[in-house]
1. Of all residues in the stretch 152-191, count the ones that are among the aromatic types (Phe, Trp, Tyr) and either outside any helix (DSSP H, G or I) or at pLDDT below 90 (or both).
2. Residues that are loosely packed, with under 11 Cβ neighbours inside 10 Å and modelled with pLDDT under 90: does the stretch 69-77 have at least one?
3. For the stretch 63-83, state whether one or more residues are part of a loop (DSSP other than H, G, I, E, B), within 23 Å of Phe159 (Cβ to Cβ) and in contact (Cβ under 8 Å) with a residue 12 or more places away in the chain.
4. Does Ala15 qualify as being under 28 Å from Phe222 (Cα atoms), outside the structural domain of Glu152 (by TED's automatic domain parsing) and not β-branched (Val, Ile, Thr)?
5. For the structure I just gave you, tell me whether Ala184 is under 27 Å from Arg145 (Cβ atoms) and touching a Phe, Trp or Tyr at 6+ places or on another chain (Cβ under 9 Å).
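The values are calculated or read from the model by the stated rules, or taken from the named source; none is laboratory data. All values reported here derive from a predicted model rather than from experimental measurement. For neighbour counting, all protein chains shown are included, and Cβ atoms are generated from backbone atoms with ideal geometry for every residue, glycine included.
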Amino acid sequence: MLNRFDPKIKTILHALNSRGFTIKGIRQGIRLKLEGGMDVDIYTLKFDTSKLRARLKLHVEDSTERTRIINEVSDKLRDGLTGTSNAEAFKFSRCIAGNYYYYARLFMPDPESLAEPEEQSAIMIARKGAAETSEFHIDHKGDLRRVLNMLESVDSKMFRKALDDLGIPRTSILRVALTRIFRAATDLDEFKQVILEESSRISDPADRSDLDKMLTSNHEEFLDPLVRMLHQSVFDDADMEASINGY
């Protein structure tokens with residue numbers, strides 16, 4: 001089973017295991033089973049395996065108690081990760097059905113330096129594949145779902161900052177369109193429909209020109225596929241039509 005893990009996850013797993021943590025495997029990573037029934041998932045992002053995240057889910061209504069738990073879990077996590085990676089503070093993402101989700105970014109050395117020699121060629125192949133799909137021409141249901149997975153750890157504050165960094169005015173139709181698309185990124189069918197609806201509203205040549213410029217001016221990874229899908233739909237790209245109407 002160990003062979004299926006990303007080399008970064010393997011390094012973290014060995015460190016945590018040697019320090020007495022109870023661990024089980026999950027898709028894309030591992031789960032730490034902590035006292036009190038709390039779990040912390042550590043995993044690589046599906047859309048970019050070079051990035052690591054830690055996810056904490058709390059079914060606790062009281063905000064003071066959640067803060068206490070987060071601080072306690074953060075201390076345990078930092079101790080367990082010593083010598084392998086550094087963890088940022090957990091940040092609130094969203095509340096779904098009474099479950100409060102918090103995410104933290106993890107940083108560690110380049111995966112090539114962690115891999116066994118026989119794994120390094122596989123890493124290079126994966127990077128080549130990632131580069132070839134970075135254009136985000138979504139052409140089937142699986143790719144649309146991949147975008148939704150990418151946005152799982154992005155909260156509203158992060159999204160607004162990304163739009164601010166692009167210099168998009170609060171009253172811009174493009175800002176409204178991207179915001180509505182982002183908010184719909186919880187359900188595949190709704191996500192598809194909102195892209196169609198918002199692209200139909202962008203008819204002014206100035207707005208289309210601004211959208212065109214965003215393709216090269218945006219440097220935020222999670223915003224990139226939204227900009228590209230909106231752009232493709234606005235300009236009646238054939239690939240986009242197939243992906244939205246015939247997925």
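1. Going through the stretch 152-191 one residue at a time, the tally reaches 1.
2. No - not one qualifying residue is present in the stretch 69-77.
3. There is no residue in the stretch 63-83 that is part of a loop (DSSP other than H, G, I, E, B), within 23 Å of Phe159 (Cβ to Cβ) and in contact (Cβ under 8 Å) with a residue 12 or more places away in the chain.
4. Values: under 28 Å from Phe222 (Cα atoms): no; outside the structural domain of Glu152 (by TED's automatic domain parsing): yes; not β-branched (Val, Ile, Thr): yes.
Here the answer is no, as Ala15 does not meet what is asked.
5. On the way: under 27 Å from Arg145 (Cβ atoms): yes; touching a Phe, Trp or Tyr at 6+ places or on another chain (Cβ under 9 Å): yes.
Answer is yes for this residue.
Yes or no, residue by residue, for (1) surrounded by fewer than 20 Cβ atoms within 10 Å (Cβ to Cβ); (2) in contact (Cβ under 8 Å) with a residue 40 or more places away in the chain; (3) assigned by TED's automatic domain parsing to the domain that holds Cys95; (4) among the hydroxyl-bearing types (Ser, Thr, Tyr):
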position	(1), (2), (3), (4)
Ile173	yes, no, no, no
Asp187	yes, no, no, no
Ile195	no, yes, no, no
Arg201	yes, no, no, no
Arg208	yes, no, no, no
Asn218	yes, yes, no, no
Val227	no, yes, no, no
